[in-house]
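The values are calculated or read from the model by the stated rules, or taken from the named source; none is laboratory data. As the structure is a prediction and not an experimental result, all values here were calculated from the model. With ideal geometry, Cβ positions are generated from the backbone for all residues, glycine too; neighbour counts draw on all protein chains shown. In case anyone asks, the SASA skips ligands and DNA or RNA and just uses the protein heavy atoms, side chains included. Shrake-Rupley method; radii C 1.70, N 1.55, O 1.52, S 1.80 Å.
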Amino acid sequence: MIIQSIFMNKNVLITGANGQLGNEIRVQMGKNPTDNYFFTDVNELDITNKEMLESFISYHKIDVVVNCAAYTQVDKAEDDAKIADRINNKAVQNIAETCEKNNASIIHISTDYVFDGSNNFPYAENMPTAPLGVYGKTKLAGENAVIESKCHFVILRTSWLYSSFGGNFVKTMQKLTSERESLNVVFDQVGTPTYAADLAKIIVGLIANNSYKTISGIYHYSNEGVCSWFDFAVEIRNLFQHTCAISPCLSSEFPSKVKRPHFSVLDKSKIKKDLKITIPHWKESLKECVKILSNN
């Protein structure tokens, strides 16, 4: 779908537009429509098809691509490595090379899963990467494809994304805590929940004020604060005023094909300094999302 503004400034392509972040960008853009946004998903634009991608970007004179498209099923990626690589790496390479060819920029969304989670202090952008599974490895490969393309880029790594759109941990906990008397949730994986609406505000702001042109490189963004999945689940339950008893448990009690990072806290000093922004605490942002879900 194409949304056009009265004042034709920049032409912005959003890929993966039907996901959590893509939908939140649509909401944020609608509040201040100063640019032309082209919202596409696989049905409108197959980013694995480079010829189709080049034709779209060239024809619409795209100035900046926000790549929200990704294969995010962490466990399933272990069996679908080729598909995950095609979406998280090869398609990203297609976008980046096409942007370079057409003098366009890319804002690419990446993940905390590029790290192994062995730290006990927040990960800065320049720290060594060491993904544990196929998902993290393909996302890191996508980052490298962007960097190697020589196009102008901003890579935004984020963590524990949730929204009122799509499927995510918040909506799963909303459902489970309303249906069950008790629930076990892991407490040995620590990170920071990120409200996709907050990240969308940053992205739309970067584009609206042309900041994406003046900064470049890798940036970390999540909400402020730190918690375990157990803490997160308890807060969700409390906000929905459910009575389900939630108990902490170990990750080993939930066998998985891939080991997940035990510590996924991102250092956001760089983005706060360069963009001069204040980032909301995860509990405050969660309240906003729960309010929307409750009203729905």
Inset, instruction - Compute all pairwise cysteine Cβ distances in the chain, then list the cysteines with no distance under 4.7 Å to another cysteine. - result: 68, 227, 244, 249, 289
Inset, instruction - Once every Cα of region 43-159 carries one equal point scatterer and solvent is ignored, give the base-10 log of I(q)/I(0) from the Debye formula at q = 0.11 Å⁻¹, two decimals. - result: -0.36
Inset, instruction - Considering Cα pairs under 8 angstrom that are at least six residues apart, work out the relative contact order of region 43-101 and quote it in whole percent. - result: 50
Legend entry - Paired Rg and Dmax values of region 158-296, which use every Cα atom, in angstrom: 16.4, 52
Legend entry - Ranked order, 115, 153 - accessible area, probe 1.4 Å, largest first: 153, 115
Inset, instruction - Pairs of Cα atoms under 8 Å, at least six residues apart: use those to get the relative contact order of the chain, whole percent. - result: 20
Inset, instruction - Select one label from (1) 17.4; (2) 16.2; (3) 14.9: the one whose number is mean projected area of the Cα convex hull in nm² as derived from the coordinates shown. - result: (3)
Legend entry - Rounded to 5, the percent of DSSP beta bridges in the chain classed as antiparallel: 10
Inset, instruction - Report, by chain and number, residues whose modeled amide H sits under 5 Å from the one on residue 37, excluding near sequence neighbours (fewer than 5 apart, same chain). - result: 3, 5, 12
Inset, instruction - Enter the Cα centre distance for the pair region 193-267 and region 269-289, rounded to the nearest angstrom. - result: 11
Legend entry - Within the accessible area of region 131-258 (1.4 Å probe), percent carbon and sulfur: 52
Legend entry - Paramagnetic label zone (point 7 Å from Cα along Cα-to-C-beta, residue 125; backbone N under 18 Å) in region 206-249: 206-224
Legend entry - Dipole axis of the chain (+1 Lys, Arg; -1 Asp, Glu on Cβ), positive-most option in 130, 34, 223: 34
Legend entry - Cα-based Lys pair tally, region 2-99, threshold under 18 Å, eight or more apart or on separate chains: 6
Inset, instruction - Using packing as a proxy for protection, rank 90-98, 276-284 so that the peptide with the highest average count of other Cβ atoms within 10 Å comes first. - result: 90-98, 276-284
Inset, instruction - Please check which bits of region 83-112 a label hung off residue 48 would reach, taking the label as a point 7 Å along Cα-to-C-beta and the cut-off as backbone N under 14 Å. - result: 83-94
Legend entry - Volume per residue that the Cα convex hull of region 184-229 spans, once the total is divided by residue count, Å³: 78
